[in-house]
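Peer 1: Okay, handing you the structure first.
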Amino acid sequence: MESLTEASYLALYLLFSGDSALWAIIWISFSVSLRAILLAAPFALLTAFALAYLKFPGRRLAIALFNTALSIPAVVVGLTLYLLLSRAGPLGDWKLLFTQDAMIIGQFLLCFPILVAMGHTALQASDRRVWETAITLGAAPWRAMLTVVHEARFGLVAALVAGFGRIIAEVGSSMMVGGNILNVTRNIPTAIALETSRGSFAQGIALGVVLLLLALTLNLTLTGIQGRGDIRP
């Protein structure tokens, strides 16, 4: 087993030497998570807007369900998808199990409630008069919606950051439906789990550094955006 010092030096070497295996894992992780959140964001925004600005039967129940879904463990989502996509499952003919597409579906399901719940909060906190004024002035509903979205943009960006952070670091769903296949479905969290179980920490430390740098970058970006929004002419 490597000492912590040796593992740390080797981790830095792997990062800066352009190790192909390491960067393939990073690429798969970012590719899958970005596609998942880009697919989820439009539907989540429409759902959040409907919950915040429209009145319909079951609205309060829907809000409660989305808030409850925030605490669903990733492994439960993975198990559910595994049962659906396995050969004996109702969706087995799709042959998606142990593919990136299955991982995208899992991450979509994990980030969707976060985007809806946080998006709903951000939209509900915005000035409702923006929507009413836009409609009164004859704006089409979709233009009025874009105006409201612009008003709540900082909260919505925060929702995207939180959603992306959740899915790129989750291991339960990706491990179960992706299978942790090298160069196919092995992403950062599953690779860290595998290497740690083997007692080989260098690659795990390197990938952990990538996740930490990602978290720092996302939060600095969000802080910068919100800071510019606080500036008044």
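Peer 1: Within the bounds of the stretch 73-81, is there any residue that is over 23 Å from the mean Cα position of the chain (by Cα), free of Cβ contacts under 8 Å to residues at least 24 places away in the same chain and surrounded by 14 or more Cβ atoms within 10 Å (Cβ to Cβ)?
Peer 2: Quick first cut of the stretch 73-81, residues over 23 Å from the mean Cα position of the chain (by Cα) only: none.
No, the stretch 73-81 contains no residue that is over 23 Å from the mean Cα position of the chain (by Cα), free of Cβ contacts under 8 Å to residues at least 24 places away in the same chain and surrounded by 14 or more Cβ atoms within 10 Å (Cβ to Cβ).
Peer 1: Starting from residues that are under 10 Å from residue 210 (Cβ atoms) and β-branched (Val, Ile, Thr), keep the ones in the stretch 7-32 and report whichever is surrounded by the fewest Cβ atoms within 10 Å (Cβ to Cβ).
Peer 2: In this case the residue turns out to be 26.
Peer 1: If the Cβ limit is 6 Å and pairs must be 6+ apart or interchain, which residue in the stretch 51-71 that is of a type in the set (Gly, Ala, Ser) and at pLDDT below 95 pairs with which residue that is assigned to a helix (DSSP H, G or I) and surrounded by 10 or more Cβ atoms within 10 Å (Cβ to Cβ)?
Peer 2: These pairs meet every condition: 52/120; 52/123; 52/124; 69/113.
Peer 1: Of 54, 84, which residue is out of contact with any Lys or Arg (no Cβ under 6 Å at 6 or more places or on another chain) and surrounded by 13 or more Cβ atoms within 10 Å (Cβ to Cβ)?
Peer 2: Exactly one residue qualifies, and that residue is 84.
Peer 1: Turning to a different aspect of this structure: What about residue 108, is it assigned to a helix (DSSP H, G or I) and either surrounded by 20 or more Cβ atoms within 10 Å (Cβ to Cβ) or within 16 Å of the chain's Cα centre (by Cα) (or both)?
Peer 2: yes
Peer 1: Can you give me the number of residues within the stretch 186-213 that are polar (S, T, N, Q) and in a helix (DSSP H, G or I)?
Peer 2: Here the count works out to 4.
Results for (1) at pLDDT 95 or above; (2) touching a Lys or Arg at 6+ places or on another chain (Cβ under 8 Å); (3) among the β-branched types (Val, Ile, Thr), shown as yes or no for each residue.
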site: 162; (1), (2), (3): no, no, no
site: 169; (1), (2), (3): no, no, no
site: 178; (1), (2), (3): yes, yes, no
site: 182; (1), (2), (3): no, no, no
site: 194; (1), (2), (3): no, yes, no
site: 198; (1), (2), (3): no, no, no
site: 201; (1), (2), (3): no, no, no
site: 204; (1), (2), (3): no, no, no
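The values are calculated or read from the model by the stated rules, or taken from the named source; none is laboratory data. Keep in mind it's a predicted model, so treat the numbers as computed, not measured. Using ideal geometry, Cβ is built from the backbone for each residue, glycine included, and neighbour counts are taken over all protein chains shown.
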